[in-house]
Amino acid sequence: MINPELEQLKNEWLIEATIEKIQQKLNKSEITSKELVLMYLGRIAELDQSGPKINSIIEINPEAVQLADALDFERHLKGSRGPMHGIPVFIKDNIDTGDKMHTSAGSLALAGSYAREDAFLVKKLREAGAIILGKTNLTEWANFMAENMPTGYSSRGGQVLNPYGAKFIVGGSSSGSAAAIASNFAVVSIGTETSGSILSPASQHSLVGIKPTVGLISRTGIIPLSHTQDTAGPMARTVKDAAILLNVVQGVDLKDPITSCNKLVDIDFTKYLKDKGLKGKRIGIARNIYFDYLEEPQLQVMNAAIKQLPELGAEVIDSVDIPSAQEEWDMNVLLYEFKSDLNAYLKNVDSRIGIRTLSDIIQFNEQVGEKALKYGQKILIDSDKTSGCLTEPTYLNSLTKDFYLSRENGIDAVMKQHDLDAIVFPNSFGSMIPAKAGYPSITVPAGYTNEGEPVGMTFTAKAYSEPTLIEMAYSFEQGTQHRKPPVL
């Protein structure tokens, strides 16, 4: 970066800067959004695409600097639109933008695909004055392509690395959305989750990740995996920033019918940022099965974090058993819905790309060979064997089974039995059950192992309990202050 003043701000003030701190400088004309974008681009040049090469960014918005200029001009003439005015945001590369960027889900098959219009949530971001700085790398096809594909890998973008240490996994599939924010390449990002894809990378990058209730945020314009479980959600370094972003992107979209069930459409989530949000809350620790996945250093971090909950006013029931935790779960809902949902999405992709169906993608990959098939495509092939009409008894039976086991005989049952406000899981290891239920979760930094690997604490509750989850997560965050930036 040539400008010495911006260089100093980039290296000192910008690190861990929050939305609120940035807005303070913007409103005082101490910086501009254009300068902010240039500083982030400088960090990306130094650290994402060279140096340690985190490789979290798959594409930069060519209009980002000009958008920032326009929003600076508007701020000068009319004032600010709100807390997201002029704030750079990264979005995952499975979310449509009707601009000069591609939308590919990390696949070479869609590497040349331009969406016809913005996804609903992108429209909401633009209306709030946010700057779409670029798109983030991800586990290809939202980690639904090959059985042995490492998290954070895509044939288009390559391998995302964890800024806390290359030996640590990045978590999937919103790996780039997490690594970019952990590395301070932007303030906040949008990830998507079907089962753990926000919570896992957020935990692995010492971030706050909110996996909302299915229906809180529209999925229109997002490359799908499963209409039963898919949702987008915020990823940020603080609970407050995540809540601000959630305010902007949630809402009712007539093209996504489940959003008509949104009970929180007029809610300001920042009102639930309460220092004493854990006081009087009953929290159950889901140890059985889920804590077995932890290695000893991670277990020590989680146990220490759990001890902090009662110190912050919570009543802890350690432990509670989810009735269906040991059931034999299957992935049939995802396997069958993927073909149906993806084919419906692909019908709107530019026909000149030559990709209109899942079968086309499989054939394209076979023609390209090793570059597209480093880890194979067994899951794509298995999904393509289904009818795509969702008429199979196997699918229908699994759908009804998943709802019952995850809700009535799962989260609902254990919360009723112990009169709980939330259930705590380690990292993202309990993410499958709320994912199948369509219930919300929020993960928050819980500490680090001696080797420096981040560990997250995840709070889960029933549908549309985001206000309560934000209360608890904010209280835990403020009371513990575990997060520290990676050394890059």
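Remark: Ile244 falls outside the filter, which requires a residue to be modelled with pLDDT of 95 or more and either among the charged types (D, E, K, R) or not in a helix (DSSP H, G or I) (or both).
Could you identify the single residue in Lys307, Lys255, Lys271 that is among the basic types (Lys, Arg) and part of a loop (DSSP other than H, G, I, E, B)? Please lay out each step first, then the result.
Details: Lys307 fails: part of a loop (DSSP other than H, G, I, E, B); Lys271 fails: part of a loop (DSSP other than H, G, I, E, B).
Checking each option against the conditions leaves just Lys255.
The residue of the range 439-483 that is nearest to Pro163 (Cα to Cα), among those that are in a strand (DSSP E or B) and polar (S, T, N, Q), is Thr443.
Restricting Gly376, Gly410 to residues that are at pLDDT 95 or above, assigned to a loop (DSSP other than H, G, I, E, B) and either over 27 Å from the mean Cα position of the chain (by Cα) or not assigned by TED's automatic domain parsing to the domain that holds Ser197 (or both) narrows the list to Gly376.
If you filter the range 361-386 down to residues that are closer than 25 Å to Ser340 by Cβ and among the basic types (Lys, Arg), you find that the one that is surrounded by the fewest Cβ atoms within 10 Å (Cβ to Cβ) is Lys385.
Among the residues that make up the range 413-423, is at least one of them polar (S, T, N, Q) and touching a Phe, Trp or Tyr at 6+ places or on another chain (Cβ under 9 Å)? Outline the logic, then answer.
Kept after step one, since they are polar (S, T, N, Q), are these residues of the range 413-423: 417.
Narrowing further to those that are touching a Phe, Trp or Tyr at 6+ places or on another chain (Cβ under 9 Å): none.
Checked the range 413-423: no residue is polar (S, T, N, Q) and touching a Phe, Trp or Tyr at 6+ places or on another chain (Cβ under 9 Å).
Is it fair to say Ala115 is more than 23 Å from Val249 (Cβ to Cβ) and in the same structural domain as Val37 (by TED's automatic domain parsing)? Steps first, answer last, please.
Values: more than 23 Å from Val249 (Cβ to Cβ): no; in the same structural domain as Val37 (by TED's automatic domain parsing): yes.
Judged against the criteria, Ala115 is not a match.
With respect to the stated conditions, Lys347 is outside the structural domain of Gly157 (by TED's automatic domain parsing), farther than 19 Å from Gly158 by Cβ and free of Cβ contacts under 8 Å to residues at least 12 places away in the same chain.
Condition (residue is of a type in the set (Ser, Thr, Tyr) and either under 23 Å from Gly215 (Cα atoms) or in a strand (DSSP E or B) (or both)) applied to the range 92-100: is it met by at least one residue? For the range 92-100, residues of a type in the set (Ser, Thr, Tyr) and either under 23 Å from Gly215 (Cα atoms) or in a strand (DSSP E or B) (or both): present.
Do you know which of the residues in the range 268-294 that are of a type in the set (Asp, Glu) and without any contact (Cβ under 8 Å) to a residue 40 or more places away in the chain is surrounded by the most Cβ atoms within 10 Å (Cβ to Cβ)?
Of the range 268-294, the ones of a type in the set (Asp, Glu) are 268, 275, 292.
Adding the requirement that they be without any contact (Cβ under 8 Å) to a residue 40 or more places away in the chain leaves 268, 292.
Numbers: Asp268: 12, Asp292: 10.
Filtering first and then ranking leaves Asp268.
Going by what's in this entry, would Ser428 be described as under 25 Å from Tyr290 (Cβ atoms), of a type in the set (S, T, N, Q) and either in contact (Cβ under 8 Å) with a residue 24 or more places away in the chain or buried (at least 17 other Cβ atoms within 10 Å of the Cβ) (or both)? Against the criterion (under 25 Å from Tyr290 (Cβ atoms), of a type in the set (S, T, N, Q) and either in contact (Cβ under 8 Å) with a residue 24 or more places away in the chain or buried (at least 17 other Cβ atoms within 10 Å of the Cβ) (or both)), Ser428 qualifies.
Is it the case, given these coordinates, that Val316 is among the β-branched types (Val, Ile, Thr), surrounded by fewer than 20 Cβ atoms within 10 Å (Cβ to Cβ) and not in a loop (DSSP other than H, G, I, E, B)?
Numbers: among the β-branched types (Val, Ile, Thr): yes; surrounded by fewer than 20 Cβ atoms within 10 Å (Cβ to Cβ): yes; not in a loop (DSSP other than H, G, I, E, B): yes.
Yes: the conditions hold for Val316.
Residues of the range 401-455 that are touching a strand residue (DSSP E or B) at 6+ places or on another chain (Cβ under 8 Å) and among the polar types (S, T, N, Q): Asn427, Ser428, Ser431, Ser441, Thr443, Thr449. Among the residues of the range 319-344, those that are within 21 Å of Ile95 (Cβ to Cβ), of a type outside the set (Lys, Arg) and crowded, with 17+ Cβ neighbours inside 10 Å comprise Leu334, Glu337, Phe338, Ser340, Asp341, Leu342, Asn343. Taking Val368, is it assigned to a helix (DSSP H, G or I) and farther than 30 Å from Tyr404 by Cα? For Val368, the condition - assigned to a helix (DSSP H, G or I) and farther than 30 Å from Tyr404 by Cα - is met. Condition first: in a loop (DSSP other than H, G, I, E, B) and more than 14 Å from Ile95 (Cα to Cα). Now tell me which residues in the range 199-235 satisfy that. The answer is His205, Ser206, Leu207, Pro212, Thr213, Val214, Gly215, Leu216, Ser226, His227, Thr228, Gln229. Looking only at residues of the range 176-216 that are touching a Pro at 6+ places or on another chain (Cβ under 6 Å) and among the hydroxyl-bearing types (Ser, Thr, Tyr), we find that the one that is nearest to Ala17 (Cα to Cα) is Ser183.
Inspect all residues belonging to the range 387-402 and state whether any of them is more than 18 Å from the chain's Cα centre (by Cα), crowded, with 16+ Cβ neighbours inside 10 Å and without any contact (Cβ under 8 Å) to a residue 40 or more places away in the chain.
If we filter the range 387-402 for residues that are more than 18 Å from the chain's Cα centre (by Cα), which is where we start, we get 387-402.
Now restrict to residues that are crowded, with 16+ Cβ neighbours inside 10 Å: 388, 390, 395, 398-399, 401-402.
From the residues that got through so far, the ones that are without any contact (Cβ under 8 Å) to a residue 40 or more places away in the chain too are 401.
Looking for residues that are more than 18 Å from the chain's Cα centre (by Cα), crowded, with 16+ Cβ neighbours inside 10 Å and without any contact (Cβ under 8 Å) to a residue 40 or more places away in the chain, one finds at least one in the range 387-402, hence yes.
In the range 228-273, the qualifying residues are those that are touching a Lys or Arg at 6+ places or on another chain (Cβ under 8 Å) and among the charged types (D, E, K, R), and the one that is farthest from Ile442 (Cα to Cα) is Asp256.
Answer yes or no: is there a residue in the range 165-180 that is of a type outside the set (Ser, Thr, Tyr), buried (at least 24 other Cβ atoms within 10 Å of the Cβ), assigned by TED's automatic domain parsing to the domain that holds Asp69 and out of contact with any Gly (no Cβ under 8 Å at 6 or more places or on another chain). Yes, the range 165-180 has at least one match.
The values are calculated or read from the model by the stated rules, or taken from the named source; none is laboratory data. Predicted model only: the values in this text are computed from it and were never measured. Neighbour counts run over all protein chains shown; Cβ positions are idealised from the backbone, glycine included.
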